1. Pulled fully out, how much extra length does the chain show between residue 151 and residue 228, if you take 0.36 nm times their separation in residues and subtract their Cα-Cα distance?
2. Arranged from highest to lowest average of other beta-carbon atoms within 10 Å per residue, in what order do the peptides 28-37, 46-55 appear?
3. Among rounded, prolate and oblate, which fits region 108-205 when a ≥ b ≥ c are the square roots of the eigenvalues of its C-alpha gyration tensor, a/c under 1.5 means rounded, and a/b larger than b/c means prolate?
4. Residue 179 to residue 51: extension gain in nm, 0.36 nm per residue of separation minus the Cα-Cα distance?
5. If you take every residue apart from residue 35 with its C-beta less than 9 Å away from the C-beta of residue 35, what net charge results, scoring Lys and Arg +1 and Asp and Glu -1?
6. With the crude spin-label approximation of a point 7 Å out along Cα→Cβ, what separation in nm comes out for residue 30 versus residue 124?
7. What is the packing order of peptides 117-125, 145-153, taking the mean over residues of other C-beta atoms within 10 Å and listing the highest first?
8. Order these peptides, 59-67, 88-96, 136-144, by their mean beta-carbon neighbour count within 10 angstrom, highest first.
Amino acid sequence: MTFIELAGIKIDDVTMDEAIARLNGFIMERSPHLIVTPNPEIIVSAQVDEELRNILNNSHLRLPDGISMVVVSRILMRPLRERVSGVDFMQKAMALASAKGYRVYLLGGAKGVANEAARKLRLQYPELQIVGARDGYFSKVEETSVVSGIRGVYPDILFAGLGMIRQEKWLANNLNELNVPACVGVGGSMDVISGTKQRAPAWIQALYIEWLYRLIMEPWRIKRQAALPKFLWLTLIKHGIMRTEWLKKLF
């Protein structure tokens, strides 16, 4: 599969349909696979976290989650064909699971979030088999029971929303023990599906300012949003790509 590198992190050039096809292939193979959804924030964090960097680069599928990644790839003349966001991928995966009879487990969010997401997904997909749902607040001591609980219900897909970095490391470190064909880190997607948080309207997404909407709705994200200019510096300015001729292409 074709991929590009942004600040040393591999991002697969996949469309949504291709990503879902890969997911289906992973399930049919039956061996454990890790799917990650890197965005600018996680790419910046990976610059100083070697473990995270290795996990991202060695994952079986790395979805281009952030629209800024797509824009930067076009400036670099190595364009990603489209953004494949974690929440959209999760919804499409539910449609696949419903149609194919795949078993799904939801892990993550605050107390009650995963269960509410499961309830709403069952309403949307009556044939969907959600075999388990629990929050993401568990200690290191509880980890073994969490893993055995997931493994014991034999899911085909595990969606983990444990927060950026924690979810990637947790899934990677427990991948073989979980023995789930497709393990997916989805960040706050369950918050959106459950209705705990609202996603930006489509017109805001189309203008590439979803980050601004999030900042207005959640001002505490200001420190996290600082990753965006760092990402642009790492991918463009640091390597001397952002020159006048490139700026002209944007306006």
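1. Extending this stretch completely gives an extra 24.0 nm.
2. 28-37, 46-55
3. prolate
4. Roughly 44.0 nm would be gained on extension.
5. +2
6. In this crude spin-label approximation the distance works out to 3.1 nm.
7. Numbers: 117-125: 16.9, 145-153: 14.3.
The densest-packed peptide leads the list: 117-125, 145-153.
8. Result, highest mean Cβ count within 10 Å first: 59-67, 88-96, 136-144.
Values in this text are rule-based calculations from the coordinates and carry no lab data. Everything numeric in this text was worked out from a predicted model, so none of it was measured. Heads up, the Cβs are rebuilt from the backbone with ideal geometry, glycines too, and the neighbour counts pull from every protein chain shown.
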